[in-house]
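The values are calculated or read from the model by the stated rules, or taken from the named source; none is laboratory data. As the structure is a prediction and not an experimental result, all values here were calculated from the model. For the accessible areas, the whole protein counts, side chains as well, though only heavy atoms, and no ligand, DNA or RNA atoms are used. Shrake-Rupley method; radii C 1.70, N 1.55, O 1.52, S 1.80 Å.
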Amino acid sequence: MKGLVIKNTGSWYQVKTDDGQFIECKIKGNFRLKGIRSTNPVAVGDRVQIILNQEGTAFINEIEDRKNYIIRRSSNLSKQSHILAANLDQCMLVVTVNYPETSTIFIDRFLASAEAYRVPVKLVFNKVDAYNEEELHYLDALINLYTHIGYPCFKVSAKDGDGTGVDAIKKDLEGKITLFSGHSGVGKSTLINAILPGTKVKTGEISTYHNKGMHTTTFSEMFSVDGDGYIIDTPGIKGFGTFDMEEEEIGHYFPEIFKVSADCKYGNCTHRHEPGCAVREAVERHLISESRYTSYLNMLEDKEEGKYRAAY
């Protein structure tokens, strides 16, 4: 029997079978994916094969090849990875300029990982109703930056169910499997409730002391949307440790850096100190944003400190 993993509760997986049944499954034995050492070998979005034992318990015994996935370094086990979701058509990264603040370094790490695994990303700037003039000015600058690089952006107020922004996102979800991700507290669950009013995804408060969100979603889950699409809701993530990237590859996942790097004097230029570096020159001429270049250097530092781990 084959089906789609629509929910992961840690020890159990809910599978929607091809004939429309919903079956709670366990993983058979010491299930390990070849080539990936992961805290969760089966992810929401996986196509799987299941078998029933004599007692009637369902087990996942095979995963079909994935077309892609979003992966990050597991927060507590740096040698392992955590797969957020698999077989995605796109990802919507929900970000906030404040309440809580999403840093450009976090955004850029997420975008670079998505580029590495060939997942298109759109940025959803939420809580536009809450910002002062200075924050709105910064928001527009970010939208200008990321749109120019090639990442589509939406402006929404999920709390108010802001018609224009939410409706544009709804239209963009039709016929696609879309991962929603972002920090805790950015309004991801509120946004999903605005898109799917009957879903009642649990929403949380912001800790006023730390200006950070508190986890409300504890496991990944898939919800069907109009037009034969799916939303995958994932727990909020604090940081985004990128996984299994070689130093010389990192620049490939910043499209504007990769494009300009063709003009560097040396083929293996790291864009830090080499003479004839076209990337550094582009930064000085404001053709590449300083925040993006800073994020690139930040990821290189990870590599030097041994924070990246080879996949097992």
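Odds and ends about this structure:
- Karplus 3J(HN,Hα) series, Hz, for segment 46-57 with 6.51 cos²θ - 1.76 cosθ + 1.60 (x for Gly, Pro): 5, 8, 9, 10, 10, 10, 9, 8, 5, 7, x, 7
- Residue-normalised accessible area of segment 126-182, given per residue in Å² at a 1.4 Å probe: 52
- Relative frequency of Cα-Cα separations exceeding 17 Å in segment 86-187, percent: 50
- Amide H within-cut-off set for C91, under 5 Å, with H built and near neighbours excluded: V121, K122, L179
- Length added when fully stretched, K265-Q49, from 0.36 nm per residue minus Cα-Cα: 72.7 nm
- Whole-Hz Karplus values for segment 185-197 come out as x, 7, x, 4, 5, 4, 5, 5, 5, 5, 6, 10, x Hz, taken residue by residue from phi with 6.51 cos²θ - 1.76 cosθ + 1.60 and θ = phi - 60°; glycine and proline positions read x.
- Karplus 3J(HN,Hα) series, Hz, for segment 96-102 with 6.51 cos²θ - 1.76 cosθ + 1.60 (x for Gly, Pro): 10, 6, 7, 6, x, 7, 9
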